[in-house]
Amino acid sequence: MAEKVLARPSVFSMMRSRGLVSVLDQAVISGVNFVTTVFIGRWMGASDLGIYILIFTVLTFLIAAAESLIAAPMTSLIHKYADAHRRAYLGSVLIHHALLVAVVFASAVLATAYAYFNVPGLTLPLAAAALWLPAVLTRELARRYAMATFKPNLALGLDLAIAALHIGWLGLLAITRLTSLFAILLGAFVAQIVGIWAWWRRAAPALSLEPAAWREHLGSHLRLGSGNLLALGTFIAQLYIAPWLLAVLATPSFVGQFAACHTLVMLTNPLTQGLANAVMPQAALLSSEGKTRELRRYTGTTAVRLSLIVLPLAIPLILVGGPLLALLYGDGFGGLQGVITALAVAALVRSAAMAAYVAVWAVHRSIWNAAANVAGLLATIGATVALFEPLGLVGAAIALLVGDTLAALVRTAAFWHVTRN
């Protein structure tokens, strides 16, 4: 029986059941973002796309914070409670989420007020973002609750419903030609609210709000989540620092062009992230049983498999990604094949290194993941500053490749170091 549990699953077995649903769910989320960027780039131009991507990177970091401090600890702790204690715990989770949402909303309102007096053109988009960001964070909590209670189909159904509403709204905007970032983000907010309302009616958990309990649970969440927040936050920063550097070094049009290339390449992400989620339980099991040699072998095999899965998607991008980008986004996005090639190679490096990321997490050494991310972040910043002026956007893409490669090397070396005995 033990041999059966420890057998290394094939690519197809990793994609069964919850693994398959996880991949599909990631594909829906990435697909909606991709369609949105294509719509903005084609109908509104590179500058508006650049502004949208900057807002989106803030959302990505906020999701990472909520994941680390609320959703991931909930996944670990929820099954330790039963009946009244579980209801009180879920009430505490809701209070924690409300506090985070309040901080996000207040910060977005302040940013909107600043824009009103200093950058009037950003006032309406930021006002819509102040509503959209908290709504997305609430949707993410609902998704993670469904996953934590082994109901991934509910998470997938929620995301499919929101995706249908959002894409339908984009279609209406295209027909009426009432295209603006404000309209897009406001429609996205409404889609989130409708989806969350429908999910709540069907799958609302039993909970009770007990002010005396939420502080105790908050301490548990902070202890469990602070290390993961450092690792995941630095990973997101390293992955999405380029648009912010370009916003400083160039114009929103450059940010938009780079973002279009990056979004096209990130279509490989659902496979990488979904399958990484699928192999995490096996890595955690090997680590908990002290089977270091088997964990090393499993990690190496997983790295090869992840690379081979992403490779068929990366090769077409390397060969014809430039013309495909121009076909999708419009004439303002031509001549960017070199950027896509460098980003596609970076995606391959990242996919292979994801196995080491999971393994380092499994042996409870997330600080090494954070160290690798910081090294990659610093390398990306330095290389971007050095390469952007002589090489333009190609230089920025090469800089991201340099950062990803260094992070992968540090992460892999750290895993072999902490498991050397």
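Could you check, for region 305-313, whether at least one of its residues is charged (D, E, K, R), part of a helix (DSSP H, G or I) and over 20 Å from Ala242 (Cβ atoms)?
Taking region 305-313 first, the residues charged (D, E, K, R) are 305.
Cutting the leftovers down to part of a helix (DSSP H, G or I) gives us 305.
Then drop every residue that is not over 20 Å from Ala242 (Cβ atoms), which leaves 305.
Yes, region 305-313 has at least one match.
Checking Thr341 against (1) more than 19 Å from the chain's Cα centre (by Cα); (2) crowded, with 23+ Cβ neighbours inside 10 Å; (3) of a type in the set (Ser, Thr, Tyr): exactly one of these is not met. Which one?
(2)
If I go through region 237-291 residue by residue, how many of them are out of contact with any Leu (no Cβ under 9 Å at 6 or more places or on another chain), at pLDDT below 90 and surrounded by fewer than 18 Cβ atoms within 10 Å (Cβ to Cβ)?
Count: 6.
For region 166-192, which residues satisfy the criterion of being of a type in the set (A, V, I, L, M) and within 21 Å of the chain's Cα centre (by Cα)? Talk me through it step by step, then tell me what you get.
First, pick out the residues of region 166-192 that are of a type in the set (A, V, I, L, M): 167, 170, 172-175, 178, 181, 183-186, 188, 190-191.
Across region 166-192, the qualifying residues are Ile167, Ile184, Leu185, Ala188, Ala191.
Within the bounds of region 302-310, is there any residue that is among the small types (Gly, Ala, Ser), in contact with a Leu (Cβ under 7 Å, 6 or more places away or on another chain), buried (at least 23 other Cβ atoms within 10 Å of the Cβ) and closer than 24 Å to Ala413 by Cβ?
If we filter region 302-310 for residues that are among the small types (Gly, Ala, Ser), which is where we start, we get 303, 307.
Narrowing further to those that are in contact with a Leu (Cβ under 7 Å, 6 or more places away or on another chain): 307.
From what is left, the residues that are buried (at least 23 other Cβ atoms within 10 Å of the Cβ) are none.
No - not one qualifying residue is present in region 302-310.
What is the residue count in region 19-64 for residues that are closer than 27 Å to Ser226 by Cα and either modelled with pLDDT of 90 or more or charged (D, E, K, R) (or both)?
Of all residues in region 19-64, those closer than 27 Å to Ser226 by Cα come to 19, 22-23, 25-26, 29-30, 53-64.
Remaining after also requiring either modelled with pLDDT of 90 or more or charged (D, E, K, R) (or both): 25, 53-63.
Residues meeting the conditions: 12.
Looking only at region 360-376, count every residue that is within 18 Å of Leu239 (Cβ to Cβ) and surrounded by fewer than 24 Cβ atoms within 10 Å (Cβ to Cβ) and tell me the total.
Keep residues of region 360-376 that are within 18 Å of Leu239 (Cβ to Cβ), which gives 360-361, 366, 368-376.
Of the ones still in play, those that are also surrounded by fewer than 24 Cβ atoms within 10 Å (Cβ to Cβ) are 361, 366, 368, 370-371, 374-375.
The qualifying residues number 7.
If you take the residues of region 377-393 that are surrounded by 19 or more Cβ atoms within 10 Å (Cβ to Cβ) and among the β-branched types (Val, Ile, Thr), which of them is nearest to the chain's Cα centre (by Cα)? Spell out how you get there, then give the answer.
Going residue by residue through region 377-393, those that are surrounded by 19 or more Cβ atoms within 10 Å (Cβ to Cβ) are 377, 379-380, 383-384, 388, 393.
Now narrow it down to the ones that are among the β-branched types (Val, Ile, Thr): 380, 384.
Numbers: Thr380: 19, Thr384: 22 Å.
Only one residue tops the list, namely Thr380.
Tell me which residues, restricted to region 95-112, are surrounded by 15 or more Cβ atoms within 10 Å (Cβ to Cβ) and either in contact (Cβ under 8 Å) with a residue 60 or more places away in the chain or β-branched (Val, Ile, Thr) (or both).
Taking region 95-112 and keeping what is surrounded by 15 or more Cβ atoms within 10 Å (Cβ to Cβ), we get 95-97, 100-101, 104-105, 108, 111-112.
Within region 95-112, Ile95, His96, Val101, Val104, Thr112 qualify.
Kindly indicate whether Leu232 is closer than 23 Å to Met354 by Cβ and buried (at least 20 other Cβ atoms within 10 Å of the Cβ). Talk me through it step by step, then tell me what you get.
Numbers: closer than 23 Å to Met354 by Cβ: yes; buried (at least 20 other Cβ atoms within 10 Å of the Cβ): yes.
The answer is yes for Leu232.
Return the pairs, sorted by first residue and then second, in which the second residue is of a type in the set (Gly, Ala, Ser), the first residue lies in region 397-413 and is without any contact (Cβ under 8 Å) to a residue 24 or more places away in the chain, the beta carbons are less than 7 Å apart, and the residues are 6+ apart or on different chains.
Sorted first by the residue in region 397-413, then by its partner, the pairs are Val402/Ala379; Val402/Ala383.
Could you please let me know if Ala113 is at pLDDT below 95, more than 25 Å from Gly195 (Cα to Cα) and more than 20 Å from the chain's Cα centre (by Cα)?
On the way: at pLDDT below 95: no; more than 25 Å from Gly195 (Cα to Cα): yes; more than 20 Å from the chain's Cα centre (by Cα): yes.
For Ala113, the condition - at pLDDT below 95, more than 25 Å from Gly195 (Cα to Cα) and more than 20 Å from the chain's Cα centre (by Cα) - is not met.
The values are calculated or read from the model by the stated rules, or taken from the named source; none is laboratory data. On a predicted model such as this, the values are computed, not experimentally measured, just so you know. Cβ sites come from the backbone with ideal geometry, for glycine too, and all protein chains shown count toward neighbours.
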